[in-house]
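See below for the structure under consideration.
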Amino acid sequence: MSDETRVPRPDASRGTDETQTDLAQESPTGSEHAGAGDRRPAGGAGAEGERPAGLADERAAGSEDERTEAGADRSAAAAEAGRTEAGAERAGAEAERPTAAYARPDFLPNDTPPLGHQPGQPGRYGQPGLVTAELPHVAPPPAGPVAGPVPPGSGGPGVPSGPGGPGGTAQPGWGWENTGAPAAAQPYGMGGQGGWPPPPGDRLGPARAERRGPSMGTLVALALLIALIAGTAGGLGTYWATRDGSGSNSSFKLPAAPTGTKSRAPESIAGVASKVLPSVVSLDVTGRGEAGSGSGFVIQGGYVVTNNHVVAPADPGGEIKVHFSNGKSSSARIVGRDPKSDIAVVKPDDTFGAPVSTLGNSDDVVVGDPVIAIGSPLGLSGTVTTGIVSALNRPVEAGGEQGGETAYLNAIQTDAAINPGNSGGPLVDASGRVIGVNSAIASLGRSSLGGGQTGSIGLGFAIPVNHVSRVVEQLVTTGKAKTTIIGASLDSRYQGGGARILPESVGGTPPIEPGGPADKAGLKAGDIILEFDGKPVENGNALIVAIRSRNPGEKVQMLVQRGGSEQTVTVTLGAK
C-alpha cells in the first residue's frame, strides 16, 4: 500500500479541482484498457498523501514503460488491501451502502445530480416523480478467474470517487470493468462523476424460478391419456382373445322360441279378423282404357257388395276379376250400380264356398265404438286396420271426377286406416258385423308419386250399412236404385245458415216441383230450411245427405224461415 499514489476525493466545499480534471482527460478510450492488468482503483480509503498538482504533467511526459509498471504496482496493492480489509469491512459496507431512497447520500458532493437525473432536466432529492431514467447497462465481469477483490474504498476502475471513495464506505469485492468509454461520458450511477454502482442484489442476476410440480391441467390430461390407452388396450385384448379367422363363433346359439298357441278369444281383434276375412274379396277391374282395384264382401245369394266407383270402368264392356281369401279367383258381372249412393253389386261366377258376411245396424253405432277396417289397400289383400268411430252423420261428397256424378254420403267417420284399395270393403264392429262400406278418405292433397291420392291421415268415411242394404235390395231386384227426394231445387249461391230454395226458375226448371213432396207440404220459392227432423241444417249439401239417407215414404218435420218468421212443416219423402 506504500507504493500506491492515493488521489484524494475533492471536498464538497471545494467543488471540482484540477486533479479530477487531469484524471478525466487520462481515461482510456480504446482497446488498450480492456485487459485486466489495466484496471486501476480510483482511490483508497487510507490515502498516504495528496497527489501533487503537477502529477498530470508528469504522467503525460512519462514513458509507456512507467505507466505499465505503475499500473502493475497499483493492482498488487489493491489486491493486498482487498484481502486484508474485505472481511472486516463487509458488514459495515452492507449496512452503510446507499439505498434506493431519494434522500441525498452524505458522501456525495453538493453539486452532484440525483440518481435518475438527466442533463438539462431540473430536479431535487425527495421527488420520486423526477427519478424516471433506467439504470444503464453495466458490462458483466470478464470471464475467467479474478485476480483478487477490489481494494476497499475503490469506486471502480477509472473512477475517482464512489461509494467506496474517500468519506464513503468500503465495498469489498465490487469490481467493475471499464467498457472503454471515457470516464467523463459515463452516466450517473455507473461509477462516473459522483455516482455509485448498483446494489449487490443486482449483481446476483435474476432470481432463480421456484421449482414447482406439474399443474392440475397436466395431471388431468395425463389421467385421460392413461384411461384412453387402457381402454383401447383392453378392447383390443378382448377382440384378439375371442375372434377367429372367419369372424364366426361355433358355440353361438340363440334360445329356442317359446311354445304357445294361435288360438285367440272370439271378441279380440284377432278373433274378429279371423272370422270376417274369409268373406272379404279383392277386385281387379279393367275397361275404358282404365284399370283399378278395390275391395268387397260376400252377402247372401253369392253377391258381392262394393263401391260404384270401383266397378264403373267395366260398364259396359269391361272385365271384373274377384279374388277370394283362399287364393281362388272368379270372373264377375255387374248386377247394378248407383252413382248417387256410390254402391254397386256384382255377381261372381263362383264363390268357392266363401262365407256370407253378417250385417249389423248402423243406427245403433255411437261415437267411440271400436271398429275394424278390412280390405286390399294398394293391392295388399287381407289387410286389417283398427280404430274407433270418431263421428256420425258426416256430410261427405264423393266421386264426381272425370264428369262422373257426385255421391252425397251421410257417412260414419273413423280413424281406422283406410287407403286407396280399401274402397268397397267392410267396416265391422267389435262383434264382426258390417256397419258400413268404406268409401272415401280425407287427404291433404295429391301425392308427389305419380300425382295419385295420398294415404290415410286418420279421416276415413264409410256409408252406413242401413242405407247400403236398401240400395242393394233395389239393385238386386230391379237393377236400379231410387233416390229419396223432396221435389225442390236448392240455391248453391246462398252463404247463410241453413239451405235456401231457389227464389226463381233456373234454366227452365222451377224452384218447386209441381205436385212434389215440397209443393204438397206448402214450401215456397226462397224458403230457408233451418232444421230437418229436429237436427240443424248447416248448408244445402247437408240437407241433401240427410234426405237421401232416409227411405222414400217417410214423414219428416222441417223448420222453415219465410219473410222473417219461422214455421214447421211436415214433408212426406218421395223417390226418383
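The values are calculated or read from the model by the stated rules, or taken from the named source; none is laboratory data. Everything quoted here is computed from the prediction, not taken from an experiment. A quick note on method: Cβ atoms are made from the backbone with ideal geometry, for glycine too, and the neighbour counts reach across all protein chains shown. Surface accessibility is based on the protein's heavy atoms, side chains included, excluding ligands, DNA and RNA. Shrake-Rupley method; radii C 1.70, N 1.55, O 1.52, S 1.80 Å.
Annotations for the structure displayed:
- Cross-link check: pairs LYS253/LYS275; LYS347/LYS520; LYS321/LYS482 evaluated at a Cα-Cα cut-off of 31 Å; pairs beyond the cut-off: LYS253/LYS275; LYS347/LYS520.
- Residue by residue, the stretch 560-576 carries 3J(HN,Hα) couplings of 10, 10, 9, x, x, 10, 10, 8, 10, 10, 10, 10, 9, 5, x, 9, 9 Hz when phi is fed to the Karplus relation 6.51 cos²θ - 1.76 cosθ + 1.60 (θ = phi - 60°); x denotes Gly or Pro.
- Under the combined filter of DSSP loop state and at most 15 neighbouring Cβ atoms within 10 Å, the stretch 351-441 retains these GluC sites (Glu not before Pro): GLU405.
- Pairwise centroid distance, computed over Cα atoms, of the stretch 414-429 with the stretch 482-537, Å: 34
- Placing R0 at 51 angstrom, the Cβ-Cβ distance between SER492 and ARG264 gives a FRET efficiency of 0.50 after rounding to 0.05.
- Summing charges over all other residues whose Cβ lies under 10 Å from the Cβ of VAL371, with Lys and Arg as +1 and Asp and Glu as -1, gives -3.
- Per-pair calculated FRET efficiency, R0 = 60 Å: ALA257 and ALA223 via Cβ, rounded to 0.05: 0.80
- In this label model, LEU380 and THR232 are separated by 4.8 nm, measuring between points 7 Å along each Cα→Cβ vector.
- Cα-based shape type of the stretch 484-575, given that a ≥ b ≥ c are square roots of the gyration tensor eigenvalues and the cut on a/c is 1.5: rounded
- Summing charges over neighbours of VAL281, with a neighbour being any other residue whose Cβ is under 15 Å away from its Cβ, gives +1 when K and R count +1 and D and E count -1.
- Loop-located GluC sites (Glu not before Pro) in the stretch 459-549, at most 13 other Cβ atoms within 10 Å (DSSP): GLU504, GLU538
- Once both labels are positioned 7 Å from their Cα atoms along Cα-to-Cβ, the gap between THR478 and ASP364 label points is 2.9 nm.
- Inter-label distance, ARG333 to ALA291: 2.5 nm, where each label sits 7 Å from its Cα along the C-beta direction.
- Accessible area of the stretch 484-575 belonging to carbon and sulfur atoms, whole % at 1.4 Å probe: 45
- Using R0 = 56 Å, the C-beta based FRET efficiency linking LYS275 and SER215 works out to 0.10.
- Extension gain (nm, one decimal) between SER250 and GLN300, 0.36 nm per residue minus Cα-Cα: 12.0 nm
- Amide hydrogen proximity for ALA391: with H placed 1.01 Å from N in the peptide plane, the residues at 5 or more positions away or on another chain lying under 5 Å are GLN413.
- Candidate lysines - alpha carbon under 16 Å from LYS535, same-chain residues fewer than 8 apart omitted: LYS555
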